[in-house]
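Worksheet for the structure shown next.
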């Protein structure tokens, strides 16, 4: 056997080429293509369910931002005003005036239908009281035509939105009668009924179970605002200070390892546990006012601190060690190196983590249930200080309260509250992204 035969290629093995795919390369490329397809399918599935969720929320919640009103031109003379004020049942006289004006308006539009005082009160509420209150406060409008926009009852609103039909009303009751559908259709034919934006839902307060159409989320939004102030004032300085100490100054020993492990464990503790802790410590032991935004803010601060500490430490770790070494090399102290060089570079990540932690706290419900923020009707506080100490509700707690009620209008309000909450969460996360990109430095 010669040396040429030893160095010659094996005839049984195919020659390899960069332009030719062998079996193993084809298998590897096919596996990569399948993995890409799995990734695209996973993203597509996630987007599909996200769009389905958003569609369900918007379709069920957007009607809460619309309100059916009846616009009736009404003129009250000085003589009629004096006569009504002299009567024993003053609001009843104003109601008779309104019925006469409504009937005349419908006759002018060519719509004829008979209705009485009780039918008007079922559809529009206590009209006489509203008219009397207006003219007592605005006597200069006597004798002038005024177009009153009166909010319709919740069943009228649902009928106009298509969620309440004649078939849904099996028998009449003191709130609605079968013949009221004919009156609604007649007013709609006369052009007196229209849909307007429901500002009361944004600025109003909860009205209890007897008036679902007038319920609003404004007071709950204010309660959430006061809670977020407490969380921001407490969690940001405490969380950042603890993170700086643990990451930059604390010695590496078993005690600090124990603290770090427990911080990581606290981030995974269910939020209801923090609610039980707040009930036991802040209300039963410290005797702080129950259902107050101050207590809610303290509970949410405990829940948010681990998230802020973890994100802040990650931001501090992301700063290159060369920044610290350079600062120490030119004579800066350890504290000067951290606060003058490391902390400014880590600020975008710290702000992002803080805002995300606040957004997480804003959507929590379980801790607020345990400290009693759903057991009453929320109201606006009279002063800024009372906003922290007076009982109030929060947006998630108010949504839970509405969803637990049986009336379909409250369910619609709950979906509308979810839209309001999502808008706040999207805004806060958008601010976090903008701040991060605005202040982020690359090296």
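Tell me, in nm to one decimal, what length is gained between residue 323 and residue 40 on full extension, where the rule is 0.36 nm per residue of separation less the Cα-Cα distance? Don't skip to the end; give the middle numbers.
Numbers: separation 283, 0.36 × 283 = 101.88 nm, distance 4.02 nm.
Residue separation times 0.36 nm, minus the Cα-Cα distance, leaves 97.9 nm.
Label points 7 Å out from Cα along the Cβ direction at residue 332 and residue 261: separation in nm?
Between residue 332 and residue 261, the label points sit 3.5 nm apart.
Once you order the gyration tensor axes a ≥ b ≥ c over the Cα atoms, which shape class does region 218-273 get: rounded for a/c under 1.5, otherwise prolate or oblate by comparing a/b with b/c?
oblate
Assuming 0.36 nm per residue, please report the length gained on full extension of the stretch residue 389 to residue 238 beyond their Cα-Cα distance. Kindly include the intermediate steps, with their values, before the conclusion.
On the way: separation 151, 0.36 × 151 = 54.36 nm, distance 2.24 nm.
Once the chain is fully extended between residue 389 and residue 238, it gains 52.1 nm.
Quote the FRET efficiency, to the nearest 0.05, computed for residue 403 versus residue 229 with a Förster distance R0 of 25 Å and r equal to the Cβ-Cβ distance.
Once rounded, the FRET efficiency stands at 0.40.
Between region 141-164 and region 321-388, how many Å separate their Cα centres?
When both Cα centres are located, 46 Å separates them.
Under a point spin-label approximation (7 Å from Cα along Cα-to-Cβ), what is the residue 30-residue 109 distance to one decimal in nm?
With each label placed 7 Å out from Cα toward Cβ, I get 7.2 nm.
With each run of n ≥ 4 DSSP H residues scored as -39500 (n - 2.57), what mean residue ellipticity at 222 nm is computed for the chain after dividing by its residue count and rounding to the nearest 500 deg cm²/dmol?
Here the helix-only value at 222 nm equals -19500 deg cm²/dmol.
Out of these labelled values of semi-axes √(5λ) of the Cα gyration tensor in Å, (1) 43, 22, 19; (2) 63, 35, 19; (3) 30, 28, 24, which was calculated from the coordinates shown here?
The value computed from this structure is option (2).
Given R₀ = 25 Å, what would the calculated FRET efficiency be for residue 209 paired with residue 379, taking r from the Cβ atoms and rounding to 0.05?
Working from the Cβ atoms, E equals 0.95.
Divide, for region 23-62, the radius of gyration over alpha carbons by 2.2 N^0.38 Å, where N is the residue count.
1.94
Working from Cα positions, state the angle (0 to 90°, nearest 10) between the long axis of helix 90-108 and the longest principal axis of the chain.
Compared with the principal axis, the helix lies near 90 degrees.
For helix 218-244, report the angle its Cα long axis makes with the longest principal axis of the Cα atoms of the chain; keep it between 0 and 90° and round to the nearest 10°.
Helix 218-244 and the main axis of the chain meet at about 20 degrees.
First measure r as the distance between the Cβ atoms of residue 254 and residue 287, then evaluate 1/(1 + (r/R0)^6) with R0 = 41 Å and state the FRET efficiency to the nearest 0.05. Working shown, then result.
Numbers: r = 38 Å, r/R0 = 0.92.
Plugging the Cβ-Cβ distance into 1/(1 + (r/R0)^6) gives 0.65.
Tilt of helix 180-189 relative to the longest C-alpha principal axis of the chain, in degrees (0 to 90, nearest 10)?
80 degrees
Run the simple label-point estimate for residue 167 and residue 433 please: 7 Å along Cα→C-beta, distance reported in nm.
Reported label-point gap for residue 167 and residue 433 is 4.4 nm.
Bear in mind these aren't lab numbers, they're just calculated from the coordinates by the rules spelled out. Remember, it's a predicted structure, so these values are computed and weren't measured experimentally. Methodologically, a virtual Cβ is constructed for each residue, glycine included, from the backbone with ideal geometry; neighbour enumeration extends over all protein chains shown.
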